[in-house]
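Contents: one structure, followed by commentary.
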């Protein structure tokens, strides 16, 4: 069989990962017809169908999945090694892709980037807000940010923030018509603002602990969001109780815009960690970001 051009493999990987010839063509800067011809040529030389094409979708065949798993990580390592050569330049450069919760971005990631990026104009950062447990290798992220207990064991984890606490809060206008809950079980009689988690497709069960006793409470209410920013806005407007990171509500508590309940049921939990694959060869740009985020408290 003739030797396969590496560009053909890159073309296949772009289509297989994006599940779209249109997106892959835009990513690679080629026409869709040229990309399709490249992939068909690769399939012809291998004598294997690598992609299943329909009018609405593109998906790897069994052979395509095997090639994706075998070649994808190796080409990623080559890309990282080439990017690492930028350390020979005056300033680090390149794009860093990160997935994180909206609260993690506001509380930890953005403050660090706001200080770092002005000094390194050749570094670009793409941030994707996601509450799911994203496979950062499969989705080609450089790193993710999650609380400590959610980081997979095969990842390098760097603490980037202190331990955190959650807070159950409501507006004075809400409590003017309802008694304050004294136990987590009392929440079942209250109107609460829910968070939907994409990983399981369900609503987040509020977690509590006191004296070694752990409780998970399913709450009900009119509103469901997939991020904490709008949950806070709804709580401030009196639409119900919200379960939010403590630091995001402290200013509102101090000014009397929110009232906290069940504080003794909300112990600390591991703070945010930056995580990335252990085999990853950090580029100078990524190493700078890790150093800027590293928690030194």
Condition test on residue 219, is it more than 22 Å from residue 97 (Cα to Cα), more than 24 Å from the chain's Cα centre (by Cα), without any contact (Cβ under 8 Å) to a residue 60 or more places away in the chain and surrounded by 14 or more Cβ atoms within 10 Å (Cβ to Cβ)? yes
If we ask which residues in the stretch 97-126 are touching a helix residue (DSSP H, G or I) at 6+ places or on another chain (Cβ under 8 Å) and more than 14 Å from residue 289 (Cα to Cα), their number turns out to be 6
Across the stretch 42-71, the tally of residues that are in a strand (DSSP E or B), surrounded by fewer than 15 Cβ atoms within 10 Å (Cβ to Cβ) and under 28 Å from the mean Cα position of the chain (by Cα) stands at 1
Within the stretch 173-190, is even one residue under 22 Å from residue 76 (Cα atoms) and either assigned to a helix (DSSP H, G or I) or in contact (Cβ under 8 Å) with a residue 12 or more places away in the chain (or both)? no
Just a yes or no: is a residue in the stretch 250-266 assigned by TED's automatic domain parsing to the domain that holds residue 205, crowded, with 20+ Cβ neighbours inside 10 Å, within 25 Å of the chain's Cα centre (by Cα) and outside any loop (DSSP other than H, G, I, E, B)? no
Verdict on residue 187 being outside the structural domain of residue 123 (by TED's automatic domain parsing), surrounded by 15 or more Cβ atoms within 10 Å (Cβ to Cβ) and at pLDDT below 95 | no
Of (1) surrounded by fewer than 14 Cβ atoms within 10 Å (Cβ to Cβ); (2) assigned to a loop (DSSP other than H, G, I, E, B); (3) within 19 Å of the chain's Cα centre (by Cα), residue 131 satisfies every one except (1)
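The values are calculated or read from the model by the stated rules, or taken from the named source; none is laboratory data. Model, not experiment: these values are computed from the prediction. So basically every Cβ, Gly included, is an ideal-geometry build from the backbone, and we count neighbours across all protein chains shown.
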